[in-house]
Amino acid sequence: MANINHHFLKLQSGYLFPEIGRRVAAFAAAHPEKAPHIIRCGIGDVTEPLPQVAIDAMHRAVDDQSRRETFHGYGPEQGYAWLREAIAEVSYRQRGIEVEADEIFVSDGAKCDTGNILDIFAHNNSIAIPDPVYPVYVDTNVMAGNTGCVRPDGSYEGLVYLPCTPENDFVPRIPAQHTDLIYLCFPNNPTGAVATYEQLKEWVDYALANDSILLYDGAYEAFITDEGIPSSIYAVPGARQCAIEFRSFSKQGGFTGVRCGYVVIPKELMGRDAAGNQVSVSSLWKRRTGTKFNGASYIVQRGAAALFTAEGQEQTRALIDYYLGNAALLRSACMSVGLRVWGGVNAPYIWVQTPAGWNSWDFFDKMLREVLVVVTPGAGFGAHGEGFFRISAFNSRSNVEEVCRRIKRLL
Ligand SMILES: *Cc1c(COP(=O)(O)O)cnc(C)c1O
C-alpha cells in the first residue's frame, strides 16, 4: 500500500458547508411540507445570470472553435495577452495603480490560486491568518504540512491567528511577533469588513520591515463603492515589494460556474532561498504554472475579457448593485430587530452577532427550524467567529425580501 500525505488526516472532518448541507437535509426530510419554503443564504454562491456581454462573447468563442481559421488550442499558460492587457488597463492603470500585463497570471479561479501559491514557499515560514476567515487559507496550509494538530476550538498549532473582533472592526491588528506570510482578505469573507488606506499601509509597512509577503485576497474588490476604500493592496506605496494579489470573476461577473480568476505578482517581489539569496517570486510562479497548468479555457477568457468593455463594465456594475441592494435590505432588517450587524455595505456579506446566550450553531438551527432560513454559523470560519453568523446577499430580490420579513418574525 502506498503512503498517503498524513497531513490530510489533521483536517477536521465536519467541514462547514457539508455540515450545513447535512443539517438542512435532515430537517427537510423530517418536515417535507416545509422543505419547499427553505431559503438558502448560507453558501456564498451567486444566483443571477451572467452579464449579457459575457454570454455573447462566449457564444462567439464557441463558434471560433468550429473553424480551422479561428480555432484555439492550447493558449499561453499565463493567459491571453488581450485579457491580461484589459485587466491591467481597466482594473489597475485607470485607477492610478501600476500593474503590468506581464505581472498578471490568469487562472481558473482564486480558490485554486490561494491554495496553489503555497507550492512556491518553504514549509518553515511563520504564517499569519485572520480569524474568522475564508476556510481555504487554513486548510491548504494544513494539507501542505505547515501546521501542527488541531485544538479543541478548531484552531491549529503552528499558525499565528489574527483575531478579528468588534473591538478592531474586524480588521486584524499587526502582530507583535515576526511572521513571513500573512493572509489578508478585503472586502472580507465572512465579515464584510473593508480596510482603510491607513490600515493597509500599516500592513505594508509591517511586511516591508519584516521582509514578509502579504497574500491579499481581493475577490470582492468590485463591491467597494466607498471612494475612500482602496480597491487594491497596490494602492499603497511599497506594496509591489511585499504583496501578491488574488482576484476572481466569480463574484463580480457571476463566474462561479464559468471559472476564471487571476494572480498579480509584481516583478520587484522577492523571496529568499536557503542560502539567503533573493529569488524572484514571479519567476517561480511562472515556472509552477507552466508545469502544472495549461491555462484557463479560451472560451472563458473571451467571456472575462468582455466584462472590461464599456458595456461590460456597465452590466457588471448593475449586477453588483443588485446584490448590494439585497445587502442593504438584509442589514436594515437585522438592525430593525435589534441585532448588531457589520458588513453589507462594500461587501455582499452581512455579519451578525447572535442574540445573547446563543452560540452560532444553535442559532443556525433556530433560524432553520423557526423561519426556514439557512445562514452560515460564524464558528465555521474560525474560533473567533463563534457568536456570529453570516447572511449572504447573493439571492434573488424576492427571496431577500422574504428573508427580511422572516427575520422580523424571528425576534
Ligand atoms: C469566492 C471567493 C473566492 C473566489 O473563488 P473562485 O475560485 O475564484 O470562485 C476567493 N476568495 C474568497 C475569500 C472568496 O470568498
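No value in this document is a laboratory result; all are computed from the given coordinates. Bear in mind the structure is a predicted one, so any value in this text is a computation, not a measurement. All Cβ positions, even for glycine, are placed from backbone atoms using ideal geometry, and neighbour counts span all protein chains on display.
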Hydrodynamic radius of the chain per Kirkwood, over alpha carbon pairs, in Å = 22.3 Å
task = Just check region 201-339 against the gyration tensor rule for me: Cα atoms, a ≥ b ≥ c as the square roots of the eigenvalues, rounded for a/c under 1.5, and otherwise prolate or oblate depending on whether a/b exceeds b/c.
result = oblate
query = What FRET efficiency, computed as 1/(1 + (r/R0)^6) with R0 = 22 Å and r the Cβ-Cβ distance, is obtained for Leu208 and Lys267, rounded to the nearest 0.05?
reply = 0.85
ask   = What is the packing order of peptides 167-176, 69-78, taking the mean over residues of other C-beta atoms within 10 Å and listing the highest first?
value = 167-176, 69-78
key: trypsin sites (Lys or Arg not before Pro) lying in DSSP loop within region 260-292, provided at most 16 other Cβ fall within 10 Å   = Lys267
message = Could you check the spin-label model distance between Lys10 and Ala274? Points 7 Å from the Cα along Cα→Cβ, value in nm.
response = 2.1 nm
ask   = Mind listing which trypsin sites (Lys or Arg not before Pro) in region 317-411 are in a DSSP loop and have 14 or fewer other Cβ atoms within 10 Å?
value = Arg340
note = Long-range amide H partners of Ser248, meaning residues 5 or more apart or on another chain whose placed amide H is closer than 5 Å, are Tyr262
note = A student asked for the Cα radius of gyration and Dmax of region 100-241 in angstrom ought to give 14.8, 45
message = Tell me the volume per residue, in Å³, of the convex hull enclosing the alpha carbons of region 281-343.
response = 161 Å³
query = Between Glu69 and Thr309, what is the spin-label point distance in nm, taking each point 7 Å from the Cα along the Cα→C-beta axis?
reply = 2.0 nm
inquiry  = Rounded, prolate or oblate for region 1-132? Axes are the square roots of the Cα gyration tensor eigenvalues, ordered a ≥ b ≥ c, and the cut-off for rounded is a/c under 1.5.
reply    = oblate
query = Taking only DSSP H segments of four or more residues, each worth -39500 (n - 2.57), what value at 222 nm results for the chain once the sum is divided by all its residues, to the nearest 500 deg cm²/dmol?
reply = -10500 deg cm²/dmol
query = Residue separation times 0.36 nm, minus the C-alpha to C-alpha distance between Arg397 and Arg317: what's the value?
reply = 27.2 nm
note = In nanometres, the difference between 0.36 nm per residue of separation and the alpha-carbon distance of Asp365 and Glu19 is 123.4 nm
ask   = What's the exposure ranking of Met1, Met270, going from fewest to most Cβ atoms within 10 Å?
value = Met1, Met270
key: Exceeding the 23 Å Cα-Cα cut-off - candidates Lys366/Lys408; Lys111/Lys286; Lys10/Lys292; Lys201/Lys286; Lys10/Lys251   = Lys10/Lys292; Lys201/Lys286; Lys10/Lys251
task = Could you tell me whether region 202-254 comes out rounded, prolate or oblate from its Cα gyration tensor? Rule is a ≥ b ≥ c as square roots of the eigenvalues, rounded for a/c under 1.5, then prolate if a/b exceeds b/c, otherwise oblate.
result = oblate
